[in-house]
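We did not get these values from a lab; they are worked out from the coordinates using the rules stated. Note that the coordinates shown come from a computational prediction; the quantities given were computed from them, not determined experimentally. Cβ atoms come from the backbone with ideal geometry, glycine included; neighbour counts cover every protein chain shown.
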Amino acid sequence: MRLRALAAAAAVVVVALAAAVVFLTHANDQTDQRDAQRQEYIQAARQVVLDLTTITPDNAKAVVDRILENATGEFKTEFDGRIDPFVSIVREAKVSTNGEIIDAGLESESGDGGVVLVAAKTMVTNAGSDTPQPRNFRLRVSITDVDGRLATSKVEFVP
């Protein structure tokens, strides 16, 4: 009788341990997936800020097209109406900027995207100045998943 009770108790412990291993493995996989998704939001935000802060008269149209290709919502609407004037100004004033991302981190996330804070700096030259002028930016970038593709839905300056 004792042997049966001991065997039953051992079986219960083995089943409980197996269930715990399955649960912990599943929880770890979900955490890894969430971390990977967060890193994708951060990388998408870093790229759009780099695109916005790195432009020359020769590549202005291509950069703007790339930004719009990865834009959606409010950001696309705002940016889309300003393409030609923006490219013209960059070309006429011979504006060149060379951006660098200082740091970026996830501020928040929702079911279909995340908000990323990005600190960047850029060196700006134009026809009126031979000496590059530094500019620092802090931006809040909203990234939205649109049918499995990450797109920029909002960019705002952070004071």
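Quick notes on this one:
- Applying Stokes-Einstein at 20 °C and 1.002 mPa s to the Kirkwood radius of the chain, computed over alpha-carbon pairs, gives a translational diffusion coefficient of 115 µm² s⁻¹.
- Value of [θ]222 nm, deg cm²/dmol, for the chain, DSSP H segments ≥ 4, -39500 (n - 2.57) each, nearest 500: -17500 deg cm²/dmol
- Of 88, 96, 142, the residue with the greatest mean-square motion in the GNM of the chain, using alpha carbon springs below 10 Å, is 88.
- The angle separating the long axis of helix 83-92 from the principal Cα axis of greatest extent in the chain is about 50 degrees.
- The protection proxy used here, the mean number of other Cβ atoms lying within 10 Å of each residue, ranks peptides 120-130, 70-80 as follows, highest first: 70-80, 120-130.
- Overall, segment 1-58 carries a charge dipole of about 680 debye about its Cα centre when +1 sits on the Cβ of Lys and Arg and -1 on the Cβ of Asp and Glu, all other atoms neutral.
- Length gained when the stretch residue 84-residue 98 is fully extended (0.36 nm per residue, less Cα-Cα span): 2.9 nm
- Dipole magnitude (debye, nearest 20) for the chain, charges at Cβ of Lys, Arg, Asp, Glu: 540 debye
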